[in-house]
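*Asks:* First, the structure itself, so that you have it in front of you.
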Amino acid sequence: MRTSKLAIALFLSLSIPIANAEDMAYLLNSTPTERAASQTRFMKTKLNLSQDEVTKIQEINREYAEKIEPVLKGSGISFLKMRDIKAILEQKDDTLRSVLTPGQFDVYTNAKDELKQALQQDLEH
């Protein structure tokens, strides 16, 4: 029974797409401060943030970029890294929810792919 559970777990882990190093190179070659600043710039524009909100969002982005740093640059397996980063980003979303209005949070949630692209372009240049 244990062997079949292990085989199923192995199969599932191999069938899930894993981010490769090329996809994450822009993250690996940046600092938490750079990533947080880029995210804050994007969010300020996209969410029409007030100066008070910008200050709070900047702090949140910096805090979570620093939490992600050891996972991102650690020597673990990519799949496990992505799982750990996803958990940290879920915590970040919970924190952002307390600062943003429901409308702003919806825009943020719907713009995550756009944020990722903006972050990549910003950090690669």
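*Asks:* Determine whether the stretch 34-42 contains at least one residue that is without any contact (Cβ under 8 Å) to a residue 60 or more places away in the chain, outside any loop (DSSP other than H, G, I, E, B) and open to solvent by 90 Å² or more (accessible area, probe 1.4 Å).
*Replies:* no
*Asks:* Okay, moving on. Before we move on, is Asp113 modelled with pLDDT under 95 and either surrounded by 11 or more Cβ atoms within 10 Å (Cβ to Cβ) or in a helix (DSSP H, G or I) (or both)?
*Replies:* Considered against the rule, which asks whether it is modelled with pLDDT under 95 and either surrounded by 11 or more Cβ atoms within 10 Å (Cβ to Cβ) or in a helix (DSSP H, G or I) (or both), Asp113 comes out as yes.
*Asks:* Does at least one position in the stretch 94-101 carry a residue that is under 23 Å from Tyr26 (Cα atoms) and either surrounded by 15 or more Cβ atoms within 10 Å (Cβ to Cβ) or in contact with a strand residue (DSSP E or B) (Cβ under 6 Å, 6 or more places away or on another chain) (or both)?
*Replies:* no
*Asks:* Okay, next question. Can you tell me which residue within the stretch 56-90, out of those that are surrounded by 13 or more Cβ atoms within 10 Å (Cβ to Cβ) and of a type in the set (S, T, N, Q), is nearest to the chain's Cα centre (by Cα)?
*Replies:* Residue satisfying both the conditions and the ranking: Asn61.
*Asks:* Sticking with this one: List every residue pair whose Cβ atoms lie under 6 Å apart, where the two residues are 6 or more positions apart in sequence or sit on different chains, the first residue falls within the stretch 43-68 and is free of Cβ contacts under 8 Å to residues at least 60 places away in the same chain, and the second residue, located anywhere, is among the basic types (Lys, Arg) and part of a helix (DSSP H, G or I).
*Replies:* Correct list of pairs: Val54/Lys44; Tyr64/Lys92; Ala65/Arg35.
*Asks:* Sticking with this structure for a sec: Quick test for you: out of Asp23, Asp94, pick the one residue that is in a helix (DSSP H, G or I) and either at pLDDT below 95 or more than 16 Å from the chain's Cα centre (by Cα) (or both).
*Replies:* Asp23
*Asks:* Collect the residues in the stretch 44-55 that are part of a helix (DSSP H, G or I) and either buried (at least 16 other Cβ atoms within 10 Å of the Cβ) or on the phi > 0 side of the Ramachandran plot (or both), keeping them in residue-number order.
*Replies:* To start, the set of residues in the stretch 44-55 that are part of a helix (DSSP H, G or I) comprises 44-47, 51-55.
Listed by number, the residues that qualify are Lys44, Lys46, Leu47, Glu53.
*Asks:* As an exercise: evaluate Leu14 against (1) more than 19 Å from Gln117 (Cβ to Cβ); (2) modelled with pLDDT under 95; (3) in a helix (DSSP H, G or I); (4) open to solvent by less than 70 Å² (accessible area, probe 1.4 Å) and give the number of the one condition it does not meet.
*Replies:* Checking Leu14 against (1) more than 19 Å from Gln117 (Cβ to Cβ); (2) modelled with pLDDT under 95; (3) in a helix (DSSP H, G or I); (4) open to solvent by less than 70 Å² (accessible area, probe 1.4 Å), the one that fails is (4).
The values are calculated or read from the model by the stated rules, or taken from the named source; none is laboratory data. For clarity, every value in this text was computed on a predicted model and none was experimentally measured. Heads up, the Cβs are rebuilt from the backbone with ideal geometry, glycines too, and the neighbour counts pull from every protein chain shown. For the accessible areas, the whole protein counts, side chains as well, though only heavy atoms, and no ligand, DNA or RNA atoms are used. Shrake-Rupley method; radii C 1.70, N 1.55, O 1.52, S 1.80 Å.
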